[in-house]
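Structure first, then comments.
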Amino acid sequence: LHFHSRLIVQAVASGAGQRRRKLAVALSKERRDAAVRAKRMRRSQDVEDGMEMYCEGDEDSRIALENDVKSAVAELVSASQDISKGASNRKLEALKKVRRFLSCSSLPPVSVAVEAGLIPVLVECLKFGSSEEQLLEASWCLTNIAVEDVQQQEDLLMPVPLLIAHLGENSSLLVAEQCAWALGNFAGDSEEIRKILLAQGSLRPLARLALSQKTSVARTACWALSNLIKGPSTKGASDLLSIDGILPGLVQHLHSKDEDLVAETAWVLVYISALADTKQLINATLLRPLVEWLATSNQLTVLTPVLRVIGNIVCGDNKMSDGVIAAGSTVPGGVVGALVRCLQTNHRALQKEAAWVISNLAAGSMQHKEHVFPVACGPLVNLLATASFDVKKEAVYALGNLCVMPKEATAAQTASQPIHAHLSALAQSGCVAEFVNLVKSPDPEGSKLGLQFLELVMRCLQNGTKLVEGCDGMLAIEMLHFHENDELRNMANHLLDTYFGSELEEEEEEHA
């Protein structure tokens, strides 16, 4: 749905929906790099006490920590095999000791504990009939083990069926929440493990838990769900969407005053809207609360997923965009005003995401373009001059979409040239120079976008060629005359021949 000129017919991108799905799948890496979402360790108030001796950071401290962890695991193994009176208390205390080691603020000695044989004994501790405290401690240990990359992958998956089983209605909420936390960390590891978790039936009990009336439980379960369905396979998201009551429950969470719960819910919706059929979402009454959060929240953790959900939805047909625009009717400035609010923040990620959503709206009908242009044009032009390069590219996509006719444009619309007014306004804003700078960029996609917009200006505006030439546009295009990229080279030569042919001939004659 991104713009392209009618003479230079090569598409800028492979389509908004496909591009959005690629971005959604890439979220896994983004979230892990940010150390915010993909995996979460559970800390403890009692962990730091007695751990000072291991925090020196030298070799002796490391060796002492590893030896003590091995001893703690050995003690737990021994206690698990003990059937004498008082053995259960001894076992629980040993389990707590291991958990404290695995919850320390420095890098926890996960690999050492696993190599010492911890996983099988944790499986034994998770068996039905164990006390709630023991189940909680064992699942807590597994939560923190799953944060780290462990070599013994097969051993690591041994407890998964029991963790899933303890999500059931017969488990206490404390135990169920901790098991969900552990499964969320497992799911954050790889697509292969996500497939195993789905095959073993983790989706439905997690979905049930995600609709809990207890806020902390719902938050944890929604976070685990988002890790479980995040793709690239569409199965998890599609299966989740088919569960009765899941959408109404998620919509109810969007009305919560707890912004953390709203954020976690929005991430679930990010993957549903990117990887499953989004038509159901339009009828799920979730658009209005999403737009309201977009217009009012100041939390980056909320705005980021909310923007992505809205962006996914407007990737669909024009009816999807109509629904989003209608949902903003009760918000001051409407949905476009809310998006502009994000453009004008100092957060690069929000600026980029908001520009992408606007580009999707602007790729729609004439009504959508005319709805967006008066509000968003100025802020988008400002980004061209001030934003980082990746944000500039998104702004260019949006501006380009605002300046070309939709595919379904009627002959009367074409004759009245309402888009010509958009292009003229942009040219008068002085942004042509920014497109020339884009042509000069070392990024092929950026150069291509710049060339396409300059072609649009020169073809459609009476003084377009002079505007481009006045900004040293001809020189910028000439720089691509021998570019190694065939597409850029051909585009540049086409523009030079079409719009500057006579000038180039005169130059050649002068040098002859």
Run the reach check for K393 against lysines, Cα to Cα strictly under 23 Å, same-chain hits fewer than 8 apart removed. What comes back? K22, K29, K352, K369, K407, K440, K448
For a protection proxy built on the mean count of beta-carbon atoms within 10 angstrom, sort 240-249, 478-487 highest first, please. 240-249, 478-487
How do 181-190, 220-229 rank on mean C-beta neighbours within 10 Å, highest first? 220-229, 181-190
For R204 and K127, FRET efficiency with R0 = 30 Å and r from the beta-carbon atoms, rounded to 0.05? 0.85
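Please find the FRET efficiency linking A385 to E445, where r is the Cβ-Cβ separation and R0 is fixed at 25 Å, and quote it to the nearest 0.05. Walk me through the numbers before you get to the answer.
Details: r = 19 Å, r/R0 = 0.78.
So the FRET efficiency works out to roughly 0.80.
Quick one: compute the contact order of the stretch 435-482, relative version, from alpha carbon pairs under 8 angstrom and 6+ residues apart, as a percent.
Values: 40 pairs, mean separation 17.7, N = 48.
Averaging sequence separation for qualifying contacts and normalising by length gives 37 percent for the stretch 435-482.
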Exposure of D258 as accessible area (Å², to 10), given a probe of 1.4 Å and all protein chains: 40 Å²
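Measure up K91/K230; K39/K97; K96/K195; K39/K195; K257/K279; K97/K127 against 29 Å on the Cα-Cα distance and list the ones that go over.
Working: K91/K230 38 Å; K39/K97 23 Å; K96/K195 32 Å; K39/K195 17 Å; K257/K279 27 Å; K97/K127 20 Å.
Over 29 Å apart, Cα to Cα: K91/K230; K96/K195.
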Calculate the dipole size of the stretch 314-470 relative to its Cα centre from +1 charges on Lys and Arg beta carbons and -1 charges on Asp and Glu beta carbons; express the result in debye to the nearest 20. 140 debye
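Around V114, what is the net charge, scoring Lys/Arg as +1 and Asp/Glu as -1 over all other residues with Cβ under 10 Å from its Cβ?
-3
Find out how many positive minus negative residues lie around K279, taking Lys and Arg as positive, Asp and Glu as negative, among other residues whose Cβ is under 11 Å from that of K279.
Numbers: positive: K319; negative: D277, D317.
Here the charged neighbours net out to -1.
The values are calculated or read from the model by the stated rules, or taken from the named source; none is laboratory data. Here the structure is a predicted model, which means the values were calculated and not measured. Glycine also receives a Cβ, built like all others from the backbone with ideal geometry; neighbour counts cover every protein chain displayed. For the accessible areas, the whole protein counts, side chains as well, though only heavy atoms, and no ligand, DNA or RNA atoms are used. Shrake-Rupley method; radii C 1.70, N 1.55, O 1.52, S 1.80 Å.
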